[in-house]
Structure formats: C-alpha cells, structure tokens
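A.B. asks: Have a look at the structure that comes next, please.
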Amino acid sequence: MAGGTAGMGKGLALHFLSRGDQVTVVGADPAKGRRFLDEAAALGAASRAAYIQADLTSVAANLRVIEEVKARHSALDGLVLTAVRHFPQRVETPDGFEGTFSLYYVSRLLLSYGLTGLLEKGADPMIVSICGVGMTKGEIHWDDLSLRQGYGSVKAMLQGGRATDLLGVAYAANHPGGRTRYLLHHPGFTDSGTDSLRQPAKTIIKLLAKVMAQPVGKSIQPIIELMDEPPAGRGLLAYDRRTPVPASTPTLDPGNARRLYEQTRHLLAALDQ
C-alpha cells in the first residue's frame, strides 16, 4: 500500500489485515507508520503488518521500497497506489521532476513495473491506482512536464491525474499476456484527512468534507468488491465508484498513453541497475 498510513490506503490496509492477509504499507511520516502498526497490533495482526518509511517523490526511495518489498514477499496479490500530497508552491525533486508529477506518476510507474514480477506470482493479482479517472479536466503539458513555466497547484494536480490515467492504459498495453489487472478507480469526494494541506485550503476542505464527503469506509467498499471479484478478462479496468468508465473516454487515449510512456520510459532503466 503506497500511501497506506492514512486515508483510503490505511482503510484498505486495515481491512485486509482484519481478514488475515499480510500487508506492507509505505509512507513518509514515521509517526503515522507507528500508529498504523499499533492499530494492526490491536487487531491481533502485528506479525502480518509491516511499515516502510519512504518519501515517494524520490526515485531512489521508490527503488529502495521495491527491493524491501521483494525481500519481504515472494508474491503479491495486490498493489495499491494511493499516495497524494498537495504542493501549494512548486517543488522540484532531486531527480528534476515537479513534486506532484513525481508522486502521482513517476512513483506509480516505478512501483507498478518494478513489482510486476511478484504480482504475476500472486493468486489473482491487481494493481489499484486510486485517482480521478472519468474526470476530463486538466491536460498533459507535453513540453513542460515539470511545469517550470506557469506553475499552479491545481494545474499540477490535474496533470498528475491525467498522467495516472495514461499510466494504467500504457501498463495494460505493455502486458497483453500478463495476469495482473490494472484498476483505475475514482472513489469520489472522500474525507481522507487534510494533513498535506495548508491554510486556508485546509479549513475549506474540512468544512466541505463535513457536508459533502463520504467516509473512508464507504469509499473503499467498491474497491474491495472489485479486488475480490474482478470482472472477467485481463488488462485495464476503469471505474468511477461502481460505474465503469468507457475506454473511449478522451483521457484514456491509447496514443497519448504511448506518448507519455515513451517520454518517461527511461526511468525504468533504473529498475535494472
């Protein structure tokens, strides 16, 4: 569970622990990691829960996570990608990426491809990318992926969302004979906490969440259902809650998916080093 120490990632992690599964979560905040392990112990699942501390905006940190997961597990039944963070000002990572793009896209790219070998050994493997699939706002800024010109936090988040959509499309196209399904899932507005936000956005989102957001427990139910009983066939699944998102949706364009993959495929060379 990348981003498994809070929000929907944590909710899914505790659900699978409660039914007897082994779960490893990844998060940047050691205090949240300790709280997760304490909650796992309260469920009687201390021996089946693990926490890896990592800032997933870093390529090196993602590669370390992949190696640690490989050391802990001989196979994976699922990989849940849910890490998000709000960057009110532009942040450039040591690898030269804009922070949102690095977390939303680069991390999910590396973890998806880097852990495919373990997933293919799982019982009925699935990658779950919690995102905004079905939304059509935002675009890929092909000549400025790191948004050095005209940065805006909303602009960055929308680009990140569109990039995660295309990642799922490209992954499925690149593994036509694979057993691993790739689920893009839009959970709707969920009260997942506001730790990554600053004022005044933090207060605004808190107020909106009280009125409009659904609780984590409700938001994760469609994902659990799709993981437990996936539709027939392999490849890409895209859902807005329980409603399938058509493959013809413009933001799932195979040509754009291939273009983004080709523009960033050099990152995968790090997996073989």
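The values are calculated or read from the model by the stated rules, or taken from the named source; none is laboratory data. Since this is a predicted model, take the numbers as computed values, not measurements. Using ideal geometry, Cβ is built from the backbone for each residue, glycine included, and neighbour counts are taken over all protein chains shown.
A.B. asks: Could you check segment 88-117 and list, in sequence order, the residues that are surrounded by fewer than 21 Cβ atoms within 10 Å (Cβ to Cβ) and part of a loop (DSSP other than H, G, I, E, B)?
C.D. replies: 88, 89, 90, 91, 93, 94, 95, 96
A.B. asks: Exactly one condition in (1) free of Cβ contacts under 8 Å to residues at least 40 places away in the same chain; (2) under 21 Å from residue 128 (Cβ atoms) is false for residue 37; which is it?
C.D. replies: (2)
A.B. asks: Just wondering, is there one or more residues in segment 2-19 that are closer than 15 Å to residue 112 by Cα, of a type in the set (A, V, I, L, M, F, W, C) and outside any loop (DSSP other than H, G, I, E, B)?
C.D. replies: The answer is yes, given that some residue of segment 2-19 is closer than 15 Å to residue 112 by Cα, of a type in the set (A, V, I, L, M, F, W, C) and outside any loop (DSSP other than H, G, I, E, B).
A.B. asks: Here's a follow-up. When the residues of segment 216-273 are filtered to those that are under 30 Å from residue 19 (Cβ atoms) and more than 20 Å from the chain's Cα centre (by Cα), which remaining residue is surrounded by the most Cβ atoms within 10 Å (Cβ to Cβ)?
C.D. replies: 231
A.B. asks: If you go through segment 58-69, how many residues are within 18 Å of residue 266 (Cβ to Cβ) and touching a Gly at 6+ places or on another chain (Cβ under 9 Å)?
C.D. replies: Residues that pass the stated criteria total 3.
A.B. asks: If we keep just the residues of segment 1-59 that are within 20 Å of residue 99 (Cα to Cα) and of a type in the set (Ser, Thr, Tyr), which is surrounded by the fewest Cβ atoms within 10 Å (Cβ to Cβ)?
C.D. replies: 58
A.B. asks: Residue by residue through segment 179-199, note down the ones that are of a type in the set (S, T, N, Q) and at pLDDT 95 or above.
C.D. replies: Passing the criteria: only 180.
A.B. asks: Within segment 137-178, how many residues turn out to be closer than 18 Å to residue 116 by Cβ and in contact (Cβ under 8 Å) with a residue 40 or more places away in the chain?
C.D. replies: Looking only at that region, the number is 13.
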